[in-house]
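See structure below.
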Amino acid sequence: MAGETALCDRRGALYFPDLGLLCVSDLHLEKGSSFARRGMLVPPYDTAAT
């Protein structure tokens with residue numbers, strides 16, 4: 001981002017070594033769709049929003 005070097009980790013972390021910044025995220029991709037298949041009706045907006 002903006003010319004900064006970033007190291008991506010498959011566990012959901014993004015590290016910017018020059019900034020000393022660690023970003024951690026849990027996006028819950030497809031959570032709504034997965035719950036809907038199991039009969040738990042939650043808003044299905046997570047995929048489009050993410």
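The values are calculated or read from the model by the stated rules, or taken from the named source; none is laboratory data. Small disclaimer: the values here were computed from a predicted structure and weren't measured. Cβ sites come from the backbone with ideal geometry, for glycine too, and all protein chains shown count toward neighbours. Each accessible area value is taken on the protein alone, full model and side chains, heavy atoms only, with ligands, DNA and RNA left out. Shrake-Rupley method; radii C 1.70, N 1.55, O 1.52, S 1.80 Å.
Got at least one residue in the stretch 20-36 being modelled with pLDDT of 75 or more, in a strand (DSSP E or B) and not aliphatic (A, V, I, L, M)? Within the stretch 20-36 (the criterion being modelled with pLDDT of 75 or more, in a strand (DSSP E or B) and not aliphatic (A, V, I, L, M)), the answer is yes, since at least one residue qualifies.
For the stretch 37-50, the set of residues classified as modelled with pLDDT of 65 or more and outside any loop (DSSP other than H, G, I, E, B) consists of R37 only.
Residue count for the stretch 5-28, restricted to those that are touching a residue at least 12 places away in the same chain (Cβ under 8 Å), open to solvent by 70 Å² or more (accessible area, probe 1.4 Å) and over 30 Å from V42 (Cα atoms): 3.
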